[in-house]
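Written below as structure tokens is the structure these notes are about.
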Amino acid sequence: MGHHSASLLSLHLWLFVTDKGGSSATPSMSKEPSTNLESAMQMLIKTFHKYSGKEGDKFTLSRGELRELLTEELGNYLGNAQDKDAVERVMSDLDANNDGEVDFTEFIILMGALTVACNDFFLDSPPPKNKPESKSDAKDGENKE
């Protein structure tokens, strides 16, 4: 999807959530999310803003802020977040406009890519082995015959 297509999609989505077919209802961060996806979206927004603006622009992540976010929030998934070269590679891959900062859109691209990678990993992983049957499970099986 080109930059123009992504911008157009963002505009359409923004119009959808702000207009809601003629009403002026807009989603509110103060409202409790009612679904898992709404909770996930709010958490992404809150997490980005927890780290953005500590250095410079409050709407972007600097290299240091990105490193801190990766270390604190994704340390279990990205064990090498302290590696300066790894953070530099992530930063250069994400920083589409080459301004040395990661904006929210670029951050969401990272989160989407990591989510896809995790999904692929779990799909490729063998399923967990079945637990040995407990005595109560064995009794239930015997009673059903």
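The values are calculated or read from the model by the stated rules, or taken from the named source; none is laboratory data. Quick caveat, the model's predicted, so the values are computed rather than measured. Positions of Cβ are backbone-derived with ideal geometry, glycine not excepted, and every protein chain shown enters the neighbour counts. Protein only, heavy atoms only, side chains kept; ligands, DNA and RNA dropped before computing areas. Shrake-Rupley method; radii C 1.70, N 1.55, O 1.52, S 1.80 Å.
Residues that are open to solvent by 70 Å² or more (accessible area, probe 1.4 Å) and either under 9 Å from the mean Cα position of the chain (by Cα) or closer than 14 Å to residue 48 by Cα (or both) within the stretch 105-117 comprise 105, 109, 115, listed in sequence order.
Scanning the stretch 36-58 for residues that are over 14 Å from residue 100 (Cβ atoms), in contact with a helix residue (DSSP H, G or I) (Cβ under 7 Å, 6 or more places away or on another chain) and open to solvent by 60 Å² or more (accessible area, probe 1.4 Å) gives a single hit, 54. In this structure, residue 120 does not qualify as of a type in the set (D, E, K, R), under 30 Å from residue 31 (Cα atoms), within 22 Å of the chain's Cα centre (by Cα) and modelled with pLDDT of 85 or more. State all residues of the stretch 101-126 that are touching a residue at least 12 places away in the same chain (Cβ under 8 Å) and not in a helix (DSSP H, G or I); if no residue qualifies, say none. If the condition is that a residue be touching a residue at least 12 places away in the same chain (Cβ under 8 Å) and not in a helix (DSSP H, G or I), then 101, 102, 103 are the ones that fit. No other residue among 58, 129, 139 is at pLDDT below 85 and assigned to a loop (DSSP other than H, G, I, E, B) apart from 129. Do any residues in the stretch 32-61 that are touching a residue at least 24 places away in the same chain (Cβ under 8 Å) have Cβ atoms under 8 Å from those of residues that are among the hydroxyl-bearing types (Ser, Thr, Tyr) and assigned to a helix (DSSP H, G or I), where the two are at least six apart or on different chains, and which pairs are they? From residues that are touching a residue at least 24 places away in the same chain (Cβ under 8 Å), the pairs are 61/51.
Residues considered: 74, 66, 70. Of these, the only one that is farther than 21 Å from residue 119 by Cα and at pLDDT 80 or above is 66.
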